Every structure is written in C-alpha cells, then in structure tokens.
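The values are calculated or read from the model by the stated rules, or taken from the named source; none is laboratory data. For clarity, every value in this text was computed on a predicted model and none was experimentally measured. Backbone-built Cβ (ideal geometry, glycine too); neighbour counts: all protein chains shown. Only protein heavy atoms, including side chains, enter the accessible area calculation; ligands, DNA and RNA are left aside. Shrake-Rupley method; radii C 1.70, N 1.55, O 1.52, S 1.80 Å.
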Amino acid sequence: MSLSVEVVAFSEEEEALVVKSWNAMKKDAANLSLKFFLRIFEIAPSAAKLFSFLKDSPLPFEKNPKLKIHAMTVFLMTCEAATQLRKVGTVTVRETTLKKLGAKHVKSGVLDEHFEVARFALLETIKEAVPEMWSADMKSAWTVAYNHLVAAIKEEMKSLA
Ligand code: HEM
C-alpha cells in the first residue's frame, strides 16, 4: 500500500536530468553525501544535535559512517522519487517505510526549516559535483522530485504530531 500526495506532470526529460546527474555522481556518492550534510551543518549548526548517533559519538562528523548513510538515502530516495513522478505522477513510498520515516523525523525534532536547508545544500552539492551538466532545468527537476518526496514525509509527520 502507498500514500499518494498530488498528481504532477514530470516528463521523461526531467527524470533523465536527475538520473543522468546521479549516475555521474554515483562513484563519488559517499564523499558527496558527506559534503551534502556538512553543508547543512554549516548553515544550521544546531541540526547536528538532532542525530542521536552524532550527539552521542566521540567521532568527528566526517568520520561517522551513519551520517553518510542518511545523506546517501536522501540522494537515492530523491532519485527514486523522480522516476515515480515520471511514471505515475506521484511519489509513492511504501506505507510502512513512510510511517517509520514520519515517526523518526517527528521524534528527532526535524522541522520544515531543516528540509528547506537540506534542499538548498542538496542542490549546491550537485551543482558543484557536476558543473558541466548543471542547468536551470536540472535544478528544477531535482527540486520538484525532492519537494514531492518531502511532502509525502511531512504529510505523515503531520498525522503524528
Ligand atoms: C532518520 C530519510 C531528511 C534528520 C532518517 C532515516 C531515513 C531518513 C531513512 C532512518 C529512519 C529509521 O531509522 O527508521 C530521510 C529522507 C529525507 C530526510 C529521505 C529527505 C528527503 C532529513 C533532514 C533532516 C533529517 C532534512 C535534518 C536536517 C534525521 C534524523 C534522523 C533521521 C535526526 C534520526 C537519526 C537517528 O538519530 O537515528 N531519515 N531524511 N532527515 N533523519 Fe532523515
């Protein structure tokens, strides 16, 4: 079962812009994922305190494997969201996954502003990773996919708040 949000037109070209840039970034995904979240913490230092595994760890952020995993999940799920948007016009996340995601983010104190900062940091990271392919259309395609994925998570968070 899945929860649908809103039906949008997302073209094959838009999906291709996301997938093409992700394919180019994939080989360096671990580093880029780390860069992505370090950028978030530069803009919003307090966001680091939301992560139990950062709060309780003596390791510096950049040495913490769990941070990379979370960051990579955001990249991957945004990519998947682009494909779903093109195929069915909505982002569908399995209900059990969405429930877990919603509950975890509510419990950790993640706010709308964090999702906003993360979108900015995500786009900056991609722009710097693939400057030769970057374009307004690519930025827009990633933005739409990310926004729809976050909308699905926030919808679940709202129902729990
Ligand atoms: C946990 C995905 C955005 C903060 C998680 C988990 C996933 C995930 C899969 C693990 C859930 C579990 O253990 O059950 C995503 C996706 C995002 C997103 C797909 C955006 C599209 C954010 C943002 C923040 C954030 C913007 C804050 C800056 C957290 C925190 C946890 C978490 C604090 C709990 C970590 C812990 O203490 O174990 N997220 N996340 N997430 N996420 Fe996100």
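Only one residue in 16, 71, 81, 24 is touching a His at 6+ places or on another chain (Cβ under 8 Å) and either near the ligand (Cβ under 10 Å from one of its atoms) or closer than 17 Å to residue 139 by Cα (or both), so which one is that?
Just one listed residue meets the conditions, 81.
Please find, within the stretch 24-49, the residue that is nearest to residue 106 (Cα to Cα) out of those that are open to solvent by 60 Å² or more (accessible area, probe 1.4 Å) and of a type in the set (S, T, N, Q). In this case the residue turns out to be 46.
Of all the listed residues (52, 21), the sole one being surrounded by fewer than 13 Cβ atoms within 10 Å (Cβ to Cβ), among the small types (Gly, Ala, Ser) and either at negative phi or over 17 Å from the mean Cα position of the chain (by Cα) (or both) is 52.
With respect to (1) within 13 Å of the ligand (Cβ to nearest atom); (2) farther than 24 Å from residue 35 by Cβ; (3) without any contact (Cβ under 8 Å) to a residue 24 or more places away in the chain, the lone exception for residue 103 is condition (3). In the stretch 128-151, the residues that are under 14 Å from residue 74 (Cβ atoms) form Cβ pairs under 8 Å with partners that are assigned to a loop (DSSP other than H, G, I, E, B), at six or more places apart or across chains, as follows: 145/10; 145/91; 148/5; 148/6; 148/8; 148/90; 148/91; 149/91.
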